[in-house]
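Since every read-out is calculated from the coordinates, none of them should be taken as a lab result. Keep in mind that what you see is a predicted model, and the values were worked out from it rather than measured. Cβ placement follows ideal geometry from the backbone for every residue including glycine, while neighbour counts extend to all protein chains displayed.
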Amino acid sequence: MINNLYLSPFIAIQRSPWPFLISFALFSLLINTVLWINLKVTIYTLLFSFLLVLLIRSLWWKDLNREGLLGYHTHKLELRIRVGMLLFILSEVFFFLRFFWAFYDASISPTCEIGMSWPPKGIVSLSAYSVPLLNTAILLTRGITVTWAHHRIINNFYIKSLISLLVTVLLGVYFLIMQWVEYNETQFRIADRVYGRTFFIATGFHGIHVLIGTTFLLVCLGFLAKAQYTYNHHFTFEAAAWYWHFVDVVWLFLFISVYWWGGL
């Protein structure tokens, strides 16, 4: 019996409170978002819930990284974790798929309610060759820097990987700033019929994912600064890089569909 347990690829570790706490924090974030949008309740409770989600998520990642360093992550267990991350990204693909579906449904066959044209009459769409094109260049650049950081970690170039990852985080922050500037320059709002709704919901949720990915990499930057990554142990960084590339691909589809094709 003891030998069978010893040879098991799955090692029993202590119970974690993070799944329960992150569920509670996400539920709180959802409720506060609905209250803020519909009843105009103070935004501070919404910000508190969002910061709580980031804190719990960071502590969970810290425990996950510590378990790997202590040798709890066997080959089969790490394979299961990788599959879980890929399934999570797949669920995010379908999350964005419905926004693209709504956009193409409204734009390919515009109804008489919006003037049988796309963009609808009275809507001045944004130029795809201004801020959106700049943001596209930013995302492509940060995709290169995060890949470069990954290769530097594998080859044990500590300083170069640290610099590359820091540049990636800064580019993510810069992207969010430029998206805020873009929103302030738009001549339409989310209440402006189907065009405003599809535009702000699709790009807004993408911006939230950029923020999540940036904080994800910021936590990884802290792990890297403490020399907690080795050439064969850096899955938390790999998961962050996968998520980062997924966000980049979503933006490319947004740029082509919403900004370029949708503004023709």
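Evaluate the relative contact order of the chain (contact order divided by residue number), counting alpha-carbon pairs under 8 angstrom at least 6 apart; express in whole percent. Before the final figure, lay out each step's value.
Working: 214 pairs, mean separation 58.9, N = 264.
Taking the mean separation of contacting Cα pairs over the length of the chain, I get 22 percent.
Looking at the P(r) of the range 100-193, how many percent of alpha-carbon pairs lie beyond 15 Å?
Details: 3076 of 4371 pairs.
The proportion of pairs with Cα distances above 15 Å equals 70 percent.
Check cross-link reach from residue 160 to the lysines: straight Cα distance under 18 Å, and skip same-chain residues fewer than eight apart.
Here the lysines satisfying the reach criterion relative to residue 160 are 226.
Could you give the angle, 0 to 90 degrees to the nearest 10, between helix 158-185's Cα long axis and the longest principal axis of the Cα atoms of the chain?
20 degrees
Restrict the search to the range 69-150; then list the trypsin sites (Lys or Arg not before Pro) that DSSP places in a loop and that have at most 14 other Cβ atoms within 10 Å of their Cβ. Provide the component values of the computation, followed by the final result.
Working: sites: 76, 80, 82, 98, 121, 142; in loops: 121.
Of the trypsin sites (Lys or Arg not before Pro), the ones in loops of the range 69-150 whose Cβ has at most 14 other Cβ atoms within 10 Å are 121.
What does the C-alpha gyration tensor say about the overall shape of the range 187-264? Classify as rounded when a/c is under 1.5, otherwise prolate if a/b is larger than b/c, or oblate.
Details: a/c = 4.84, a/b = 2.74, b/c = 1.77.
Prolate is the answer for the range 187-264, as a/c is 1.5 or above and a/b outweighs b/c.
Mind pulling the angle between the C-alpha long axis of helix 131-154 and the longest principal axis of the chain? Nearest 10 degrees, somewhere in 0 to 90.
10 degrees
Sorted from fewest to most neighbouring beta carbons within 10 Å, what does the list 252, 46, 39 look like? Please report the intermediate quantities before stating the final value.
Values: 252 12, 46 19, 39 7.
Neighbour counts put them in this order, fewest first: 39, 252, 46.
About its Cα centre, what dipole magnitude does the chain give when the only charges are +1 on Lys and Arg Cβ and -1 on Asp and Glu Cβ, stated in debye to the nearest 20?
Dipole of the chain, to the nearest 20 debye: 440 debye.
Can you give the three extents of the C-alpha atoms in the chain along their principal axes, from longest to shortest, in whole Å?
73, 40, 34
So which chymotrypsin sites (Phe, Trp or Tyr not before Pro) in the range 160-264 end up in coil per DSSP with only 12 or fewer other C-beta atoms within 10 Å? Mind dumping the intermediate values first?
Values: sites: 174, 175, 180, 183, 188, 195, 199, 200, 205, 216, 223, 229, 231, 235, 237, 242, 243, 244, 246, 251, 253, 255, 259, 260, 261; in loops: 188, 229, 231.
Answer in residue order: 231.
Give the angle, between 0 and 90 degrees and rounded to the nearest 10, that separates the Cα long axis of helix 235-254 from the longest principal axis of the Cα atoms of the chain.
10 degrees
When only C-alpha pairs under 8 Å and at least 6 residues apart count, what is the relative contact order of the range 39-178, in percent? Display every interim value, and only then the final one.
On the way: 49 pairs, mean separation 18.0, N = 140.
It rounds to 13 percent for the range 39-178.
If you take the beta carbon distance between residue 212 and residue 109 as r and set R0 to 35 Å, what does 1/(1 + (r/R0)^6) give as a FRET efficiency, to the nearest 0.05? Don't jump to the answer; show the numbers that get you there.
Values: r = 34 Å, r/R0 = 0.97.
Using R0 = 35 Å, I get an efficiency of 0.55.
Show me the chymotrypsin sites (Phe, Trp or Tyr not before Pro) within the range 34-109 that DSSP assigns to loop and that have at most 12 other Cβ atoms within 10 Å of their Cβ.
On the way: sites: 36, 44, 48, 50, 60, 61, 72, 88, 94, 95, 96, 99, 100, 101, 103, 104; in loops: 72.
Listed in order of number, the matching sites amount to none.
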